[in-house]
1. Most exposed first by the Cβ proxy, i.e. fewest other Cβ within 10 Å, how do E84, E219 rank?
2. For the stretch 1-105, what value does the Rg/Rh ratio take when both radii are computed over Cα atoms and Rh is the Kirkwood radius, given to two decimals?
3. Please check: in the Gaussian network model of the chain (C-alpha springs, under 10 Å), which one of S32, S111, S44 has the largest mean-square fluctuation.
4. What does DSSP give for the stretch 135-257 in terms of the percent of beta bridges that are antiparallel, rounded to the nearest 5?
5. Taking the alpha-carbon distance from K13 and a cut-off under 16 Å, which aspartates and glutamates remain once sequence neighbours fewer than 8 residues away in the same chain are dropped?
6. Rank by packing, highest mean first: peptides 185-196, 155-166, 68-79, with packing defined as the count of other Cβ atoms within 10 Å averaged across residues.
7. List the residues whose amide H sits under 5 Å from the amide H of A211, counting only those 5 or more places along or on another chain, with H placed 1.01 Å from N in the peptide plane.
8. Say we join alpha carbon atoms closer than 10 Å with springs in a Gaussian network model of the chain; which of K13, K226, K199 then has the biggest fluctuation?
Amino acid sequence: MQQLKWAVSRRRKPWPKQLANPPWEPPPRHLSPGTIAATFINQSTFLLQVDGLNLLTDPVYSERVGPWNLGGPRRVRPPGVPLEALPPIHCVLLSHNHYDHLDLPTLKRLSRLWAPLIITGLRNSALLSRHGLQRVIELDWWQTHWVSPSLQVTYVPAQHFSCRSLHDRDRALWGGFLAEASRRRIYFAGDTGYAAHFKEIGRRFGPIDLALIPIGAYEPRWFMHKAHMNPDEAVRAHLDVRARLSLAMHFGTFRITDEGIDDPIHALDLARRAHGVAPEQFRVPEFGQTILVPASG
């Protein structure tokens, strides 16, 4: 009923049909020990490079995100890094099964190129295996998998839901990830509303060197607040997880909800000021931009 109410009453701000990305240097091929490189590609897709490994979060390269890639929102800008320009991908962190996060055509392309390990939540592997994706590890919340002798990944809670159709709601688990390598900690929040799990993640893992936190898809609040944070809540999450640096994500790619394309960025600026967080502590990356997080000390 709430979905119907939103469909009838929604007031969507206009978005541009197509935008270009500014030019950036390609992702680095070599990093100094302990340095993290995070390249923002689009939506919730980051290339993370640490300890000689290349990871992708929720990789989405399709033009549309919906069933069979025919319906659903259409992207308004290209990915910040072409898939063919990526370095070899060793691991994919897949937060949940929504179409703008679990993009089967992209996962199949990655599999053909590099056959990366996919780590995801419980009961997501059945969908993946039906499409020929067999290198899958499922985790419950707080479970850990060692990707390599130096990289461990823990699946952590989020306040969200899962579905791929009208008939499979909450049958597969959703969550985020905490990756630890070379004594560096990276938190990828996935999709989530604001809730107590952020403080628990901060208690268990903080301080966190780099957090990837969603800031978009939040209007109208009466409908979206349980599943998606607004920018003020994103800043609170940044503080709760005790992040040294946060990067914004989940904005400016697909028009999923009612806010304007730049509204999350403007609202984040106000939220940082309200909570005393400096712009360099919670940054909005450009599409295709690589941000380096050097080893401290």
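No value in this document is a laboratory result; all are computed from the given coordinates. Given the structure is predicted, the values throughout are model-derived calculations rather than measurements. Heads up, the Cβs are rebuilt from the backbone with ideal geometry, glycines too, and the neighbour counts pull from every protein chain shown.
1. Details: E84 7, E219 22.
In increasing order of surrounding Cβ atoms, one gets E84, E219.
2. Details: Rg = 16.6 Å, Rh = 15.8 Å.
Reported Rg/Rh (Cα atoms, Kirkwood Rh): 1.05.
3. S32
4. Details: 15 of 23 bridges.
Of all bridge pairs located within the stretch 135-257, approximately 65 percent are antiparallel.
5. Within the straight-line cut-off, K13 pairs with E219, D258, E259, D262, D263.
6. Numbers: 185-196: 23.0, 155-166: 18.6, 68-79: 15.4.
Put in order of decreasing packing, that is 185-196, 155-166, 68-79.
7. Y187, L245, S246, L247
8. K13
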